[in-house]
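Single-structure report; data block below.
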Amino acid sequence: MENPPLRPSTYQVLEQHGVDRRSFIKFCTAMAAALGLDATMVPQIVEALENKPRIPVIWLHGLECTCCSESFIRSSHPIAQDIILNMISLDYDDTLQAAAGFQVEDIRKRIMKEYPGEYLLAVEGNAPTKDGGVYCTVGGETFLSILEETAEKAKAIIAWGSCASNGCVQAAKPNPTGAKPIHALLPHKTIINVPGCPPIAEVMTGVLTYILTFGQLPELDRIGRPKMFYGQRLHDKCYRRPFFDAGQFVEAWDDEGARKGWCLYKMGCRGPSTYNSCSTFKWNNGVSWPIGSGHGCIGCAENNFWDNGPFYQRLSGIPVPGIDSTPDEVGATLAGAAVIGVGAHFVSSVVRRFGQKPAQPTPDSGDKGRGDV
Amino acid sequence: MATAIREFDPKDMAQHPDSYFRREYVWELPVRISHWVNAACLIVLFLTGIYISHPILAPSGEAYKNFVMGRVRQIHFISAMVFMVSFLVRVYWFWMGNNYSRSGFPFVWRPSWWRDLFRQATDYLKLERGHVHLGHNSLGGLVYTLFVVALGWAQMFTGFALYSETNPSGFFGRVFGWVLPFLGGSFQARMWHHTFAWGFVVFAILHVYVILYDSTQYGNGLITSIISGYKFYKRGDLKHDRWVS
Ligand code: SF4
């Protein structure tokens, strides 16, 4: 039997795993569609996956819940789940790996030494910064130091999920461990943020396919999210949008509108302020998604979504210390104060007018006073 | 008892100059037009904005037969565009207009502005007639600058950033899109836009009250001045005019 090449391509690995050519081509086509590419680009993806050696990937886990990995391994669109797991050379992933202990840490160090500037660093979760980062340690080292060390020679850094890209729940108020998203910890690196709690599986594989095929990072928006997946809000492609425009809203969870599938805006839906592909890809092999099952979006791909007030309320409190009121409460209070102030002034001026005759202005001789006009 | 209209008598005027009103052209046409366009736009913007965040109407029937929210948003966006143009015209006229178009503006580096601010505030609190201005006094200027100019800019930046969300790579997205991450995201931008809107309500209460109070106190035709452009003064008044520009 022929020895497998030292650094096999994705297709070579898939072949070894018994994935047939047809499934492989299907995957490439699906990816082209997901990336918003023309059908003529499919051969380019096929060629890249056939010939380019797989990218070595170090996948770090910090403070997180592993839901990103869960999502990733359930990537089902490309039919064969094998493709996903074998697309990259996932050399280090302390959650999925069979090996443990020093062995594993050795692998990480080896990849860093053998493929400097070539390996991808995928970070799931973030690092606590308080007290020297002791609230998350791996193999006796703080996650913060591991992250900094591994990031140094990485070809690119992907921040998977809301933890890594926005901070998520551990960075929500009061953030006792001082958790910070990756871009705040590595300010001088280009980081691809793939937010979502978790991100959609197809989005994750799409980002990897893009990097593998074109050898460069996808186009990012102002806050480092790939534009092709985070360029639009859920609201822009939501199938309940016609009800929104019509002004037909669910008012309570069991009302007539809820049964008819009206818009969930008044139930606190965050679709209008959430950038993600849920309304396009949906979830779990396109079975459904939160709004599809009658629950508003909670905006899990957005910055600070845990602190953005109750999920079932449109607007949150104003994030000024000491004020825990909605904009309407604050505004109405200020307007009320203005009315009271104005009323008090009015009453006292009336009292004064009837109480005493206002003094006449002193007659004056001319326009001299206006000299400085 | 009917008041007879007296024949105009130049001699009487020469003898009692102080009992006659004179008039001065204060607000030029662009100022008056932008005032009323702004007022109309702000009313429409506030009401439609409140509807957008609390849509209380619940039209019945099929969705395709209704376009309530869509129409309200459309009106909101159109008024926003009109407001922007009118606002920018007024900003332009700040430089191009007569002295009154700049009166009262917080020239914080000038002691005279601060003196006038203090005097005007105490005059209002002491309920005294105080000194008379043809243009804006410092207090008025400060309030306009904070509640109309600063809030106006804040609303335009947050508003157009939110407006750009339907087409992030378009013109508005490129010009105003940075506001969203700057404020911490689309959700926060909405919250601030909504909060700032209330500032205009507070302003409207203060503004309407003060102009009513002022024009009764001074008899200076303050209210009609924003229609005709003319303000009235008696000869002696001008001695008290603390010109601040
Ligand atoms: S359900 Fe949410 S995302 Fe869908 S149209 Fe309504 S507000 Fe927008």
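The values are calculated or read from the model by the stated rules, or taken from the named source; none is laboratory data. Just so we're clear, the structure is a prediction, and the values are computed from it rather than from any experiment. Cβ sites come from the backbone with ideal geometry, for glycine too, and all protein chains shown count toward neighbours.
Screening A:43, A:53 for residues that are surrounded by 14 or more Cβ atoms within 10 Å (Cβ to Cβ) and farther than 23 Å from residue A:286 by Cβ leaves exactly one candidate, A:53.
When the residues of segment A:226-263 are filtered to those that are basic (Lys, Arg) and facing chain B (nearest Cβ under 10 Å), the one that is nearest to residue B:169 (Cα to Cα) is A:227. Residues in segment A:279-306 that are part of a helix (DSSP H, G or I) and within 9 Å of the ligand (Cβ to nearest atom): 2 in all. Quick one: is residue B:39 in a helix (DSSP H, G or I), under 14 Å from the mean Cα position of the chain (by Cα), under 21 Å from residue B:144 (Cβ atoms) and free of Cβ contacts under 8 Å to residues at least 40 places away in the same chain? Answer is yes for this residue. Residues of segment B:182-198 include at least one that is over 30 Å from residue A:219 (Cβ atoms) and of a type in the set (Phe, Trp, Tyr). Scanning segment A:227-246 for residues that are in contact with a strand residue (DSSP E or B) (Cβ under 6 Å, 6 or more places away or on another chain) and either more than 16 Å from the ligand (Cβ to nearest atom) or in a helix (DSSP H, G or I) (or both) returns A:230, A:243, A:244. Among A:189, A:266, which is within 12 Å of chain B (Cβ to nearest Cβ) and either touching a residue at least 24 places away in the same chain (Cβ under 8 Å) or of a type in the set (Ser, Thr, Tyr) (or both)? Of A:189, A:266, the one residue that is within 12 Å of chain B (Cβ to nearest Cβ) and either touching a residue at least 24 places away in the same chain (Cβ under 8 Å) or of a type in the set (Ser, Thr, Tyr) (or both) is A:266. Counting only helices (runs of 4 or more DSSP H) wholly contained in segment A:100-199, the ones carrying 2 or more residues that are modelled with pLDDT under 90 occupy A:102-114.
Pairs are defined by a Cβ separation below 7 Å, a sequence spacing of at least 6 or placement on different chains, a first member in segment B:219-233 that is at positive phi, and a second member that is part of a loop (DSSP other than H, G, I, E, B) and not hydrophobic (A, V, I, L, M, F, W, C); the pairs so defined are B:229/B:28. All conditions in (1) within 11 Å of chain B (Cβ to nearest Cβ); (2) touching a residue at least 24 places away in the same chain (Cβ under 8 Å); (3) away from the ligand (no atom under 11 Å from the Cβ) hold for residue A:309, with the sole exception of (2). Residue A:223 satisfies every condition listed in (1) within 15 Å of the ligand (Cβ to nearest atom); (2) assigned by TED's automatic domain parsing to the domain that holds residue A:165 except (1). Assigned by TED's automatic domain parsing to the domain that holds residue A:118 and within 16 Å of the ligand (Cβ to nearest atom), is that true of residue A:200? Here the answer is yes, as residue A:200 does meet what is asked.
Among the helices (runs of 4 or more DSSP H) confined to segment A:1-64, the ones with at least 3 residues that are small (Gly, Ala, Ser) are located at A:21-34.
If the condition is being of a type in the set (Ser, Thr, Tyr) and near the ligand (Cβ under 9 Å from one of its atoms), then segment A:257-275 contributes A:265, A:274. Looking only at segment A:314-325, decide whether some residue is within 12 Å of the ligand (Cβ to nearest atom), modelled with pLDDT under 90, outside the structural domain of residue A:31 (by TED's automatic domain parsing) and buried (at least 17 other Cβ atoms within 10 Å of the Cβ). There is at least one residue in segment A:314-325 that is within 12 Å of the ligand (Cβ to nearest atom), modelled with pLDDT under 90, outside the structural domain of residue A:31 (by TED's automatic domain parsing) and buried (at least 17 other Cβ atoms within 10 Å of the Cβ). Consider residue A:218 carefully, then state whether it is away from the ligand (no atom under 16 Å from the Cβ), more than 14 Å from chain B (Cβ to nearest Cβ) and modelled with pLDDT of 90 or more. It is true that residue A:218 is away from the ligand (no atom under 16 Å from the Cβ), more than 14 Å from chain B (Cβ to nearest Cβ) and modelled with pLDDT of 90 or more.
Exactly one residue among B:179, B:149, B:175, B:201 is under 15 Å from the mean Cα position of the chain (by Cα) and more than 7 Å from chain A (Cβ to nearest Cβ), and that residue is B:149.
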